[in-house]
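First up is the structure itself, then whatever we jot down about it.
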């Protein structure tokens with residue numbers, strides 16, 4: 001049986017977007033066709049309370065610098081802002097890294113040694129923040145940045161929508 005962190009990573013790799021109902025009692029999901037398996041549904045049901053708590057924690061602003069899985073938000077932000085300040089746009093692509101995704105800087109800037117070191121040290125924390133932003137913005141990670149936030153209020157409509 002997977003733990004919640006591994007389950008969230010697997011769901012992110014499969015582009016499954018989990019949401020907590022406004023009353024905090026139910027989960028719903030959007031996903032591409034074929035992404036949700038019976039095994040994943042069983043894992044979600046088995047960890048429903050933990051998933052709801054984790055997702056609600058991520059949606060709630062707090063003074064805590066760490067995400068529930070121990071990833072430091074502050075160092076993640078530091079890397080993201082350093083990349084943006086250097087002139088990069090950021091894309092997320094699926095990866096075999098522990099976070100399940102890799103940040104790909106897009107642009108013509110030449111990274112400094114300090115930026116490369118920051119990238120190596122804090123990549124996974126920055127990915128966690130971008131994945132959290134994707135969940136909040138209701139966009140798939142590979143669609144980051146969510147253009148619907150920039151141009152129009154549209155909602156991701158996957159081939160699979162369900163409520164648990």
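The values are calculated or read from the model by the stated rules, or taken from the named source; none is laboratory data. All values derive from a computational prediction rather than experimental measurement. Neighbour counts are summed over all protein chains in view; Cβ atoms, including those assigned to glycine, are modelled from backbone coordinates with ideal geometry.
Details
- Candidates 7, 18, filtered to the one that is touching a strand residue (DSSP E or B) at 6+ places or on another chain (Cβ under 8 Å) and either at pLDDT 80 or above or part of a helix (DSSP H, G or I) (or both): 18
- For region 35-57, a residue qualifies if it is without any contact (Cβ under 8 Å) to a residue 24 or more places away in the chain and either within 19 Å of residue 138 (Cα to Cα) or surrounded by 15 or more Cβ atoms within 10 Å (Cβ to Cβ) (or both), and the qualifying residues are 53, 57.
- Every pair of residues 6+ apart whose Cβ atoms lie under 6 Å, when the first sits in region 72-90 and is in a helix (DSSP H, G or I) while the second is surrounded by fewer than 16 Cβ atoms within 10 Å (Cβ to Cβ): 73/65; 74/65
- All positions within region 88-122 that are surrounded by 13 or more Cβ atoms within 10 Å (Cβ to Cβ) and more than 30 Å from residue 28 (Cβ to Cβ): 88, 105, 107, 109, 111, 115, 118, 119, 122
- Residue list for region 27-49, restricted to those being in contact with a helix residue (DSSP H, G or I) (Cβ under 8 Å, 6 or more places away or on another chain) and assigned to a loop (DSSP other than H, G, I, E, B): 47
- On the stretch given as region 110-130, residues that are assigned to a loop (DSSP other than H, G, I, E, B) and modelled with pLDDT of 85 or more total 1.
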